[in-house]
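Presented below is the structure to which this report refers.
The values are calculated or read from the model by the stated rules, or taken from the named source; none is laboratory data. These numbers were taken from a predicted model, which means no experiment stands behind them. Here Cβ is always computed from backbone atoms with ideal geometry, including for glycine, and neighbour counts include all displayed protein chains.
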Amino acid sequence: MSITRLVRSGPRQVSRISSTALRPVPKTTPKYTSSQNTFRKTHTLLLKPSVILSRQYASAATAIRPPEPIPIPIEDEIISRPVQGAGDIVPVLQDIQNLLENEIGGDDVWSKRIRNSIEDLSAERRGRIAVIGDSLAAPRDVVSALLQDPLADTEESRRALLNRHDGANIDVFQIGHGPNPHREPESLSLSASWLQATGYDVVEVNTKKAEDTMSTLLSTDSLLVVLDPIRLIDTPQLSSLLPLVLSRGSIHFVVNGYLPPNTSQTAIETKLREQLSKIKVDPLEGLTFDPASIPVSFVKAEKALNALDALAAGLQDHGPSTSTSKTRAFEVFQKQFLESHIGPLQSSLLQSIKSISQPQLSTSRQVAGLALSHVENTISTDRDIVKDALHTVSELRRGAQQGASKAKHLSVASRGIEGGLVEGSVEYDMNKVKSQLEERFNGRLSWLGLIGRTRVDDVQFELTNHLNNHFATDLEKQVIFESGRLSHLQIQLDQLSDHTIRQLSHSQSHSTSTTHPFTSPLLLNHLSTLSLSVPPLTPTSLTSPILTRREQLLTQSIPRLHSSAQRALLTTYATSLLGVSLSWMSYVPPISLTSAPTAVGLGILSVVASLALGQRLWGKAQKKFWRDWKRITGMMKGDLETRFDTALRTQVLAKPLVAAEGLEKLIQKREKRLDDLQDKVNGLSKRI
């Protein structure tokens, strides 16, 4: 069995007739178009209400009857009447349209669908059933078989139906009910029993763009999906449409064609329902999605068309063997038409369509509900974007804090343990310099050394040179190294801030909008100004505490120690001279109070006492110096910590923290806007 036999690749070709076979319509007959005016016409009997168009389905025929003359009703323009109940739903649709245009960035597709729905409610129209399917499923053949009635159709209307797509590939083609066949570029009007019985027009949809197809389907009241028995719904055309059309309900699946060998209808139907169960569907409020309850029909449109062709040929045969040929034609028709199952499909569709009361209002409510679902999906997507943005900002803040904490942990000012010394810490370096100074105080700068060399001025000179060459030199090198590390961290965090701003301001997953929700010109301008105002870190940015405390020792403590040494020396010399002078005066006449040995002893004692006094004064001066030393070096550690923290806060972390704070404010505003938008959606949902 060939693939052409299994799945029809195109509409059945019938014998063509010239375009002049279709009788032109007089000017008094209104033209049938695909515009909104077409939907607002209805074909009724105005001047002769007693004349009724009698139609009988061919599937129910039991005997051959020659076609009887059918009285043609006189058609006139119908005064447009507004749809009853439209006043309740139109304001809701208008509010939804404003919501789409003003709140979510101007959604043109859904706004146009809502606008079309509002226009559709301006006047009553016939119902619409859309038929969709690709060429392998042959949906046009299904429509041709569905709308034919050989016992009532004229040859003209039958040819008009079968040849409706000849020479054209029309995306949307509408077949409406009318007394006479009338063809226009995108529509056909004819008298068909099924159209008359249902009150529905058939809209064949063959658009290539999914959005255009969905917009057309949403303008109809019911949907007939024609499938081939091999792929079923696993086709590119249906994959993007089914989630939305299934959510609105009122859908009927038709499997058209010969089944593959060794395959039953039950197996095909089970496979179809399994495919449907895998689709994620969010049904409208009040509806449920149950794949087991969706109607599924199996037809063979090719057999139906063959049967109808045979019957039409038999009815038109007026030769000598008319009775025999008609009997044979009817037998062929009856057998093949029953095997095609078109009759049960007609009845099933008629029953499901009749269950829809006020199809225009129902369709408008469905479109409104789907539009609100679209808005809710947009809100949900934006909330995910906000959540990702908040995570990104948290990562920016966390990265900045972690970099700062690591740098602070490695800082010289943070080294050290309570009750001990750590190599490389401030205490360790200061204790090393202190030990060197103590050696000098116990050696060259001891009191006896100063007295013996009479070089008191060497105190300031030697101490100044020693502090310039050894005070916190290793510490200063480490601080300069830390300045370079902080400068590198500053550059990294600035780049991370700029990358985060660009990433959030140009998110690809966000819905189309003129301005991104996380784009703030004020924030960008503030960050640019901040980048220019924050100076970069230099090698000497953190060394100011060391230089300040060294200068304080050199300009205050050491001169004070030098002055104390001079006073102590002068006091020693003066006291010694005074003691010796008094001892001598007590020995020489006219006082002569002491003997020579006593005077010598008193002189020596006064010298020793003066030396002891000088030693005591020098010791007090050193104690003052060490108190200053302890205070200054202790303050230097605090100054280093303060300077390091200030550099982190005002230079390294300034831009990332400001960027994170600004983005967090934008995120909070966005969350509040989404909450307000969700409240509006909830209010509109209650009004539908």
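Remarks
- Identification of helices (runs of 4 or more DSSP H) wholly contained in region 103-188 with 3 or more residues that are surrounded by fewer than 21 Cβ atoms within 10 Å (Cβ to Cβ) yields 108-120, 155-162.
- Boolean, Ser250 is in contact with a helix residue (DSSP H, G or I) (Cβ under 7 Å, 6 or more places away or on another chain) and of a type in the set (S, T, N, Q): no
- Candidate set: region 660-688, residues that are exposed (fewer than 15 other Cβ atoms within 10 Å of the Cβ) and more than 21 Å from the chain's Cα centre (by Cα); chosen: the one nearest to Thr378 (Cα to Cα): Asn682
- Among the residues of region 468-506, those identified as farther than 30 Å from Ile558 by Cα and hydrophobic (A, V, I, L, M, F, W, C) are Leu486, Leu489, Ile491, Leu493, Leu496, Ile501, Leu504.
- Checked against the criterion of being out of contact with any His (no Cβ under 9 Å at 6 or more places or on another chain) and not in a helix (DSSP H, G or I), the candidates Arg502, Arg485, Arg455 yield just one match: Arg455.
- Figure legend. Inter-residue proximity from region 387-403: first residues farther than 13 Å from Glu664 by Cβ, second residues surrounded by 19 or more Cβ atoms within 10 Å (Cβ to Cβ) and not polar (S, T, N, Q), beta-carbon distance below 7 Å, spacing 6+ or different chains. Indicated pairs: Ala400/Leu493; Ala400/Leu653; Ala400/Pro656; Gly403/Leu489; Gly403/Leu493.
- Boolean, His562 is closer than 30 Å to Lys655 by Cα, of a type outside the set (A, V, I, L, M) and either more than 60 Å from the chain's Cα centre (by Cα) or modelled with pLDDT under 85 (or both): no
- For Thr62: the one exception among (1) in contact with a helix residue (DSSP H, G or I) (Cβ under 6 Å, 6 or more places away or on another chain); (2) at pLDDT below 85; (3) hydroxyl-bearing (Ser, Thr, Tyr): (1)
- Test: Ser380 is under 25 Å from Gly87 (Cβ atoms), of a type outside the set (Lys, Arg) and either crowded, with 17+ Cβ neighbours inside 10 Å or not assigned by TED's automatic domain parsing to the domain that holds Ile294 (or both): no
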